1. Quick one: T185 ticks every box in (1) without any contact (Cβ under 8 Å) to a residue 40 or more places away in the chain; (2) of a type in the set (V, I, T); (3) over 24 Å from L75 (Cα atoms) bar one, so which box is it?
2. Would you say Y326 is buried (at least 19 other Cβ atoms within 10 Å of the Cβ) and more than 30 Å from F361 (Cα to Cα)?
3. Out of (1) surrounded by fewer than 21 Cβ atoms within 10 Å (Cβ to Cβ); (2) hydrophobic (A, V, I, L, M, F, W, C); (3) under 20 Å from T180 (Cα atoms), what's the single condition that is false for I236?
4. Across region 215-251, which residue is nearest to T309 (Cα to Cα) among those that are among the small types (G, A, S) and over 19 Å from the mean Cα position of the chain (by Cα)?
5. Output the number of residues of region 98-128 satisfying the condition of being of a type in the set (S, T, N, Q), at pLDDT 90 or above and surrounded by fewer than 19 Cβ atoms within 10 Å (Cβ to Cβ).
6. If you take the residues in region 265-288 that are in a loop (DSSP other than H, G, I, E, B) and at pLDDT 75 or above, which one is nearest to A154 (Cα to Cα)?
7. What tally of residues in region 215-257 results from selecting those that are in contact with a Pro (Cβ under 6 Å, 6 or more places away or on another chain) and more than 14 Å from M174 (Cα to Cα)?
8. Determine, yes or no, whether H249 is in contact with a His (Cβ under 7 Å, 6 or more places away or on another chain) and within 22 Å of L151 (Cβ to Cβ).
Amino acid sequence: MSSFPNVYIATLSPVLPRVVRENRYQNTTRVKLTATAILLGINYSSAPSYQSKGWTLSIHSEGKRYAHNQTDTGLSLVTEAQVSDTKVAERLNVCLNAIRTLAAEKDVLLPETSDLFLEIDNDANECKYWFADHANRTVFWLHPVDSTTGLPYAFSRSHLRYSLEENYWAHVEMFPATATPYAATALSELQVILFNARADALTSDAPTFPYAAEDDEKFINLLQLSKEHACNPYVITYVARLWGIVANHRFFTHFGEDHCRLSYDQSILETPEDKSHLLLTAISKALFDIPNGHRTRLESLWVDEMTYTSIWRKFVSERIEDLKYYMVLLFALWIANILTLPHTYIAALSKSSMIVCMFGFCVAFILLQEQRKFEGTSASTGVSTLIIHNPKIVTDFLYLTRRHTWIAIIPPMASSLLRSSTASRRRLSRGPHSSLLYRVFGLPLATSRGRYSYPLSFPSPLYCS
């Protein structure tokens, strides 16, 4: 029995392309495999297993099926609904008529260069929609849309434009077949942008583009190879994905504004002042003031609630190497303590140095295992290169970042313990039984190779490449 009512009244609801794209990867549908038989003759087809009058059926490069149809007014209609179902097709027509009526009431001209996306929500008895204008690379609706729908806060309408463009490219990424007339131009423009990004990364210490120079070069070569197939939907898909990253980058750098971000470590947003804490200051001093440096490094990674994958990976790699370095020094000093224990002037100091070394080694080992979880990962787990924040997660994270000293106290313990144990060895070396072995190990163990930091798991981004 059909779950559709006899009379369907379309309730139109605006939705963001980004939201629909993210929901595509949350599919919980389960299917059961059954025995099948192969019929005589050639019966294989790469096209979908059904056809529907008036609709062109396509399969996305990721495997998702969708349908598109050009209306009598030139507007392209796209949907992921099963248009072969008569009831579904009827509902889509009702939604289309409702949108046309609303557009006429509001005196809105629907450009022929636009796509209309429709999604039927059976549970809420509503029809979700958006328009994607290929000529202007933007999305629009016939209803008011604000932050409650998913739009981010913005400084101005020109600033918000890049978020709308990002949503446009999300639409093109999901439905590339309707964007073929505009594909060649988009590919060429993207290649020039990557040329500039690569040059900026090679000549600047703090470039704002989210990819490193070597990544830019890979994308440039890929796009060069793709030029002959620029109108192929498979090529359009990844071109649109890269364009979405560019639009997202421009939104977060406030591209075109007077106050735009010119380097990745430049803050342009208003933030509350951070008040110092006496207890944290005292603990930091007790740890040779290393946490303050660590805190500064953490804050430089998380500027205006965002970070970059390339910088994040470099940061993680440096921290791993530092931890390995400290572990080697602590272990070597521990061995030196054991070998010189019978010859030390004060055995208690030697034993205390051994305990400090072992404790520092264990701390460094635990932190190393935690650090390795982030090795090779992006700065986020949901968006591609540049972090797009979830407001609640960011609020929780900023509660920590404004108290970075608490986080900073833990990682420098290995370095501090190394210095403490080295200081104990210095006291032992003043005794009459100081051995040659300590004098060999003492100098290198008394030096430090800088600070290391403990990575934080940043909020989920817009998408992940």
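1. In the conditions (1) without any contact (Cβ under 8 Å) to a residue 40 or more places away in the chain; (2) of a type in the set (V, I, T); (3) over 24 Å from L75 (Cα atoms), T185 misses (3) alone.
2. When the stated conditions are applied, Y326 does not pass them.
3. (1)
4. Per the criteria, the residue is S226.
5. Total satisfying the criteria: 2.
6. Here the answer is L269.
7. Summing the residues that are in contact with a Pro (Cβ under 6 Å, 6 or more places away or on another chain) and more than 14 Å from M174 (Cα to Cα) in region 215-257 gives 1.
8. When the stated conditions are applied, H249 does not pass them.
The values are calculated or read from the model by the stated rules, or taken from the named source; none is laboratory data. Note that the structure is predicted; figures quoted are calculated from it, not measured. Glycine gets a Cβ as well: all are built from the backbone with ideal geometry, and neighbour counts include every protein chain shown.
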